[in-house]
Amino acid sequence: MRLALYRLIWERFLASQMMPAVYDTVSADIEAGRCLFRAQGSTLKFKGFTAVYEESREEDETPAEQDPEGAVPALEEGEVLTLLGLDPKQHFTQPPPRFTEASLIKSLEELGIGRPSTYASILGTIINDRGYVHRERRTLSPTELGMAVTDKLIPYFQDIMNVEFTAQMEDNLDKIEEGERKWVDTVREFYEPFKRDLARAKREMTSEKVGEPTGEKCPECGSELLEKRGRFGKFMACSTYPDCKYTRNIDGSTRAEDEPTNEVCPTCGKPMVIKHGRFGKFIACSGYPDCKTTKPVTLGIPCPESGCSGQIVERRSRRGRTFFGCSAYPNCKFVVWQRPIAEPCPKCGAAFVTERALKSRLVRRCVKAGCDFELEAELPVA
């Protein structure tokens, strides 16, 4: 295995220092009455780097130089050919493939957008920070939020949303650094049209919170349902919100409802409820949006960090993975990925232990670093 990996690396490095392969492309037009047939093919003229390294291909794929259908036989102008058969095939124009992280970076380089030092932050912004795209296997797919932002910004900010804007701005910044251009001129050229576009957007841009009428009636109050966009995509909501809080998903399934609690809002005195958000459950005032008081849902387990009075809460990462952290974040950055169990460690007395399911058994371990307590139990048979 190690030898195969070493050979792969060595061959790839060696190929990167060699000349590219050269192919001869041949095209022949064949007239048959009113029809014109065109045969195209290529033959390998110079192997170049392919002599030591060949790009991966499917197992049943034949190399181009060994494919008889990939080569055009020797022909002479005016030669009469014999028809051996017809093999009709229909081809449709295919849309361009979705970007991968690598192909997106390559496209940014070709367009002159960004620098090698900024590509990681660009990807992090659109994937993790803003959630405009998400990963589907190896490709990047736009989210509902990403499409909504694009649909809203392009009509009003065509200059900024143009891919040439960033490249031109970076070129101007380079000229400022080299003393060939004054920064005041660059800022003025950008800000004047931007200020005009921004004022127009404030006047004319409709809010996504308003929603689009659907013609359907709310099953609870009879008012019209609106189609709205949320962090998790489109959903249906009653037009009389907040008087009527009926919501459901576009596919007809019911959205997670608020769960009642015994707590009272410390701000306005209304009951507090448990809501479901992008990063997990949280407690909020039932008087929202008039009252925006919120607090985390705790597990009733104290944070083990010394001097911290916070409680352990369940959260979700930007990629949807569940983890457990301190309610005092960002002052306390305690995090654990295994589910906490409200039982003190029997060996060292730590505040709690964690539990993790491993195939056919449950494993409990102490949360305290350095403690080797571990307890295994068989998972119950379903």
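Just so you know, all these numbers are worked out from the coordinates, no wet-lab data involved. Keep in mind that what you see is a predicted model, and the values were worked out from it rather than measured. Ideal geometry is used to build each Cβ from the backbone, glycine not excepted, and the neighbour counts take in all protein chains shown.
Quote the relative contact order of the stretch 123-185 in percent (integer), defining contacts as alpha-carbon pairs under 8 Å separated by 6+ residues. Each step should come with its number before you reach the end.
Values: 34 pairs, mean separation 8.9, N = 63.
Value for the stretch 123-185: 14 percent.
Say R0 is 41 Å: what FRET efficiency, to the nearest 0.05, do Phe46 and Phe165 get from their beta-carbon distance? Mind dumping the intermediate values first?
On the way: r = 42 Å, r/R0 = 1.03.
The value I calculate is 0.45.
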Can you tell me which lysines have their Cα less than 17 Å from the Cα of Lys347? Leave out same-chain residues fewer than eight positions away. Lys368
Of the candidates Pro88, Pro304, Pro155, which one comes out as most mobile in a Gaussian network treatment of the chain with C-alpha springs shorter than 10 Å? Pro88
Computed over the chain: longest principal axis from alpha-carbon atoms vs helix 163-177 long axis, angle to nearest 10 degrees, is 80
Taking only Cα atoms of the chain, radius of gyration then Dmax in Å: 31.3, 95
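Could you tally the net charge around Arg365, taking each other residue with its Cβ under 9 Å from the Cβ of Arg365, Lys/Arg +1 and Asp/Glu -1?
Working: positive: Arg356, Arg364; negative: Glu355, Asp372, Glu374.
Net charge around Arg365: -1.
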HN-Hα J couplings of the stretch 146-158 from phi, Karplus 6.51/-1.76/1.60, θ = phi - 60°, integer Hz, Gly and Pro as x? x, 5, 5, 4, 4, 4, 7, 7, 4, x, 9, 10, 5
Springs between alpha-carbon atoms under 10 Å, Gaussian network over the chain: tell me which of Glu355, Glu136, Glu178 tops the mean-square fluctuations. Glu178
Quick check: the distance between the Cα centres of the stretch 334-353 and the stretch 134-161, to the nearest angstrom? 43
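Test of understanding: ordering Ile160, Ile113 by Cβ neighbours within 10 Å, fewest first, what list do you get?
Values: Ile160 15, Ile113 19.
Fewest-to-most Cβ neighbours within 10 Å comes out as Ile160, Ile113.
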What do you get when you divide the Cα radius of gyration of the stretch 306-378 by 2.2 N^0.38 Å, with N the number of residues? 1.16
Highest-fluctuation residue, Lys228, Lys202, Lys281 considered, GNM on the chain with Cα pairs under 10 Å: Lys202
